[in-house]
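K.L.:
Handing you a structure now.
Just so it is clear, none of the values below were taken in a lab; they were calculated from the coordinates. For clarity, every value in this text was computed on a predicted model and none was experimentally measured. Methodologically, a virtual Cβ is constructed for each residue, glycine included, from the backbone with ideal geometry; neighbour enumeration extends over all protein chains shown.
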Amino acid sequence: MPETATTPAIQFQGVGKRFGDNVVLDGLDFSVAAGDRVTLIGPSGSGKTTILRLLMTLEEANDGLILVDGQPYTHEIRGGKRVAIPEKRRSLVRRRVGMVFQQFNLFPNMTVLENIIEAPIHVLGVPRAEAVATAEDLLDKVGLADKRDARTTQLSGGQQQRVAIARALAMEPEILLLDEVTSALDPELVADVLAVLRNIAETTDITMLIVTHEMQFAREVSNRVLMFDGGKIIEEAHPEEIFTSPKNERTQEFLRAVL
Amino acid sequence: MTETEAWSWDHAAAVLPALVDGLWITVLATVVGMVIAAVLGLFVAVVRRSGLRVVTVPVAVLVEFVRSTPLLVQLVFANLVFTQFPSLAIGCVVLGVHYATYMSEVYRAGIDAVPRGQWEAAVALDLPRRRTWTAVVLPQAIRNTLPGLGNYAISMFKETPFLFAIGVVEMYTAAQQYGGNNFRYIEAITMVGLLFLLVSYPTSLLVRRLENRLA
Ligand SMILES: Nc1ncnc2c1ncn2[C@@H]1O[C@H](COP(=O)(O)OP(=O)(O)OP(=O)(O)O)[C@@H](O)[C@H]1O
Ligand SMILES: [Mg+2]
């Protein structure tokens, strides 16, 4: 088992993804070290969301390999050929990866608490009482202890997103994917969500892969920024470095437009 | 009871007990038929979404077959083939199977109306397929299908007179029998219509209220 301290949490090896004729990713290589908080930035339509969706198995790569903790996740090379890994094995890796969506995607037929305990009970087999206790701790952590039994539809967007974060954390993921988690929120609700994420970054060692157009968020939470364009990583650096003195011309152009 | 009157209240009153007995059979057939339609329709809808051609194709053919032939013909045919079963049971099952094909479309629409994000959240939580259906998708889909279920129940209720063709003494058959025995049809048939109205109309109001509440 290649589970040494230097094994990256996430590795993309020559990953290709097309939608019809639209080549979104072409031989993409990159890796994320365990415990890193990496922000992906880049122009709209460049494929940032696609990268997260591939990691969540919501999309299927056409080429290349995706490794988690050094182990093949969706495909592997067997007998010199690239073959899909069966659902059962994917599932074991997938449960260590969590995702928070732009549109929250809470289950409206369940209460806040039920949303959070659903997967721990039915995926991990955690006893109900234990799952409830964990969920209550998490609700406390995201500042929504009093919403335990509320319907999700009664919550504001910011509250829903904090529940969604708690729901993802309840699975105790090693990797957390965050796709534009504040872009569907009214500006005054963004701060609470960011505070929760900053707290997670400070108090856990979860590997985070973040897509955001909020450069302030990238600055506060992440320790590495990947500039993504034309299906490739064109620059990577510490946030301070990339935001103050980007080297690549495309990065400079992009940051001038968004900052 | 003179035979020259256009309308006789005596006949209208005399037929009523038989009609009320028939009404119970009518309601029974509708309730049992609807339970079959609701369960079988859901099964068909979920199977058709599975994408497994070995099951979706035969199911699609069966659905098309049931939908393309008249209910009346199906009733008579089933009654001729399954002589060992009571006609009422056959009637309930045929009504149920017939309406299951329509209910499956209602469920299908309800399932399609569940946002993709719900499926994706279930994947992100690694929920097993079965749990995704039973805990996430179906509870939301079925909520959307309740008005459709109500409307088809009313529609089935109004089609129960076809059971006349297989000799089930529901309300309409009871009226026909009274008419035949007394040579007076108009009161019996009018009363049947009134009783249908008395049940259907309040039910449709209820369904509409449900529609508005869910909208
Ligand atoms: N399901 C899909 N079917 C077809 N094309 C798709 C699909 N999903 C994404 N694409 C295309 O893939 C490209 C990359 O999309 P993606 O959503 O990954 O971009 P993004 O970098 O996240 O953009 P944004 O910043 O606007 O969110 C786009 O051209 C998009 O139109
Ligand atoms: Mg995106």
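K.L.:
Within region A:99-127, which residues are without any contact (Cβ under 8 Å) to a residue 40 or more places away in the chain and on the phi > 0 side of the Ramachandran plot?
P.N.:
Once the filter is applied, which keeps residues that are without any contact (Cβ under 8 Å) to a residue 40 or more places away in the chain and on the phi > 0 side of the Ramachandran plot, region A:99-127 yields only A:Gly125.
K.L.:
Now for a separate question. How many residues does region B:48-58 hold that are in contact with a helix residue (DSSP H, G or I) (Cβ under 9 Å, 6 or more places away or on another chain), over 9 Å from B:Ser104 (Cβ atoms) and part of a helix (DSSP H, G or I)?
P.N.:
Applying the first criterion (in contact with a helix residue (DSSP H, G or I) (Cβ under 9 Å, 6 or more places away or on another chain)) to region B:48-58 yields B:48-50, B:55-56.
In the following step, the residues that additionally are over 9 Å from B:Ser104 (Cβ atoms) were identified as B:49-50, B:55-56.
After this cut, where a residue has to be part of a helix (DSSP H, G or I) as well, the list is B:49, B:55-56.
Number of matching residues: 3.
K.L.:
Another one. Test A:Val126 against the stated conditions and say whether it is under 24 Å from B:Val137 (Cα atoms), away from chain B (no Cβ under 11 Å) and in a loop (DSSP other than H, G, I, E, B). If you could, list the steps in order and put the result at the bottom.
P.N.:
Working: under 24 Å from B:Val137 (Cα atoms): yes; away from chain B (no Cβ under 11 Å): yes; in a loop (DSSP other than H, G, I, E, B): yes.
Answer is yes for this residue.
K.L.:
Right, here's the next one. Kindly list the number of the only condition in (1) more than 14 Å from every other protein chain (Cβ to nearest Cβ); (2) within 15 Å of ligand 2 (Cβ to nearest atom); (3) over 14 Å from A:Ile233 (Cα atoms) that fails for A:Ile85.
P.N.:
In the conditions (1) more than 14 Å from every other protein chain (Cβ to nearest Cβ); (2) within 15 Å of ligand 2 (Cβ to nearest atom); (3) over 14 Å from A:Ile233 (Cα atoms), A:Ile85 misses (2) alone.
K.L.:
Can you tell me how many residues in region A:108-123 are closer than 20 Å to A:Glu136 by Cβ and facing another protein chain (nearest Cβ under 7 Å)? Working first, answer last.
P.N.:
Looking only at region A:108-123, we keep the residues that are closer than 20 Å to A:Glu136 by Cβ, and these are A:110-123.
Cutting the leftovers down to facing another protein chain (nearest Cβ under 7 Å) gives us A:118-119, A:122-123.
Number of matching residues: 4.
K.L.:
Just to be sure before I move on: is A:Val190 over 26 Å from A:Arg95 (Cβ atoms), away from ligand 2 (no atom under 16 Å from the Cβ), of a type in the set (Val, Ile, Thr) and more than 13 Å from chain B (Cβ to nearest Cβ) in the structure I sent? Please lay out each step first, then the result.
P.N.:
Numbers: over 26 Å from A:Arg95 (Cβ atoms): yes; away from ligand 2 (no atom under 16 Å from the Cβ): yes; of a type in the set (Val, Ile, Thr): yes; more than 13 Å from chain B (Cβ to nearest Cβ): yes.
When the stated conditions are applied, A:Val190 passes them.
K.L.:
Failed condition for B:Ile142, given (1) within 30 Å of A:Pro173 (Cα to Cα); (2) among the β-branched types (Val, Ile, Thr); (3) within 10 Å of chain A (Cβ to nearest Cβ), with all others met?
P.N.:
Condition (1) is where B:Ile142 drops out.
K.L.:
Quick check on A:Val32: is it more than 13 Å from ligand 1 (Cβ to nearest atom), farther than 24 Å from B:Ala122 by Cβ and not hydroxyl-bearing (Ser, Thr, Tyr)? Show your work before the answer.
P.N.:
Values: more than 13 Å from ligand 1 (Cβ to nearest atom): yes; farther than 24 Å from B:Ala122 by Cβ: yes; not hydroxyl-bearing (Ser, Thr, Tyr): yes.
Spelling it out, A:Val32 is indeed more than 13 Å from ligand 1 (Cβ to nearest atom), farther than 24 Å from B:Ala122 by Cβ and not hydroxyl-bearing (Ser, Thr, Tyr).
K.L.:
Given the condition among the basic types (Lys, Arg), crowded, with 19+ Cβ neighbours inside 10 Å, within 16 Å of ligand 2 (Cβ to nearest atom) and within 14 Å of chain B (Cβ to nearest Cβ), answer yes or no: does some residue in region A:8-29 qualify?
P.N.:
Of the residues in region A:8-29, the ones among the basic types (Lys, Arg) are A:17-18.
Narrowing further to those that are crowded, with 19+ Cβ neighbours inside 10 Å: A:17.
Imposing the further condition that a residue be within 16 Å of ligand 2 (Cβ to nearest atom) reduces the set to A:17.
Retained after the next criterion (residues that are within 14 Å of chain B (Cβ to nearest Cβ)): none.
No, region A:8-29 has no match at all.
K.L.:
Another one. Only residues in region A:67-91 that are in contact (Cβ under 8 Å) with a residue 60 or more places away in the chain count as the first member; pair them with residues that are aliphatic (A, V, I, L, M) and assigned to a loop (DSSP other than H, G, I, E, B), Cβ under 7 angstrom, at least 6 apart or cross-chain, and list the lot.
P.N.:
Close Cβ pairs satisfying both conditions: A:Val68/A:Ala9; A:Asp69/A:Ala9.
K.L.:
For A:Thr49, work out the one condition from (1) at positive phi; (2) within 16 Å of ligand 1 (Cβ to nearest atom) it doesn't fulfil.
P.N.:
(1)
K.L.:
Further question: Looking for whichever is in a loop (DSSP other than H, G, I, E, B) and either within 14 Å of another protein chain (Cβ to nearest Cβ) or not hydroxyl-bearing (Ser, Thr, Tyr) (or both) here; the options are B:Val169, B:Val137. Which one fits?
P.N.:
Values: B:Val137 fails: in a loop (DSSP other than H, G, I, E, B).
That would be B:Val169, the only listed residue that is in a loop (DSSP other than H, G, I, E, B) and either within 14 Å of another protein chain (Cβ to nearest Cβ) or not hydroxyl-bearing (Ser, Thr, Tyr) (or both).
K.L.:
For region A:138-169, name all the residues that are part of a helix (DSSP H, G or I), surrounded by 14 or more Cβ atoms within 10 Å (Cβ to Cβ) and out of contact with any strand residue (DSSP E or B) (no Cβ under 8 Å at 6 or more places or on another chain).
P.N.:
Within region A:138-169, the subset part of a helix (DSSP H, G or I) is A:138-141, A:145-147, A:152-154, A:157-169.
Okay, now just the ones that are also surrounded by 14 or more Cβ atoms within 10 Å (Cβ to Cβ), so A:138-139, A:141, A:147, A:152, A:157-169.
Those that are part of a helix (DSSP H, G or I), surrounded by 14 or more Cβ atoms within 10 Å (Cβ to Cβ) and out of contact with any strand residue (DSSP E or B) (no Cβ under 8 Å at 6 or more places or on another chain): A:Leu138, A:Leu139, A:Lys141, A:Lys147, A:Gly157, A:Gly158, A:Gln159, A:Gln160, A:Arg162, A:Val163, A:Ala166, A:Arg167.
K.L.:
Next question. Step by step: first the residues of region A:36-59, then only those that are within 14 Å of chain B (Cβ to nearest Cβ) and within 11 Å of ligand 2 (Cβ to nearest atom), then the one that is farthest from the chain's Cα centre (by Cα). Which residue is that? Break it down into steps so the answer makes sense when it comes.
P.N.:
Initial filter on region A:36-59 (within 14 Å of chain B (Cβ to nearest Cβ)): A:49-50, A:52-59.
Within this subset, residues satisfying the condition of being within 11 Å of ligand 2 (Cβ to nearest atom) are A:49-50, A:52-53.
Working: A:Thr49: 9, A:Thr50: 11, A:Leu52: 6, A:Arg53: 9 Å.
Filtering first and then ranking leaves A:Thr50.
K.L.:
Turning to a different aspect of this structure: When you scan region A:91-107, how many residues do you find that are at the interface with another protein chain (Cβ under 7 Å from one of its Cβ atoms) and in contact with a Ser or Thr (Cβ under 8 Å, 6 or more places away or on another chain)? If you could, list the steps in order and put the result at the bottom.
P.N.:
Looking only at region A:91-107, we keep the residues that are at the interface with another protein chain (Cβ under 7 Å from one of its Cβ atoms), and these are A:91, A:94-95, A:98-99, A:101, A:103, A:105, A:107.
Narrowing the set further to residues that are in contact with a Ser or Thr (Cβ under 8 Å, 6 or more places away or on another chain) leaves A:94, A:107.
The number of residues fulfilling the criteria is 2.
K.L.:
Only one of A:Leu106, A:Leu176 is surrounded by 23 or more Cβ atoms within 10 Å (Cβ to Cβ), part of a strand (DSSP E or B) and within 22 Å of the chain's Cα centre (by Cα); which?
P.N.:
On the way: A:Leu106 fails: part of a strand (DSSP E or B).
Within the list A:Leu106, A:Leu176, the selection yields A:Leu176.
K.L.:
Inside region B:54-85, can you point out the residues that are of a type in the set (Ser, Thr, Tyr) and surrounded by 11 or more Cβ atoms within 10 Å (Cβ to Cβ)?
P.N.:
B:Thr56, B:Thr69
K.L.:
Residues in region A:206-224 that are more than 16 Å from ligand 2 (Cβ to nearest atom) and within 14 Å of the chain's Cα centre (by Cα): how many?
P.N.:
Step one: of region A:206-224, the residues more than 16 Å from ligand 2 (Cβ to nearest atom) are A:206-208, A:216, A:219-224.
Restricting the remaining residues to those that are within 14 Å of the chain's Cα centre (by Cα) gives A:206-208, A:221-222.
Final tally of qualifying residues: 5.
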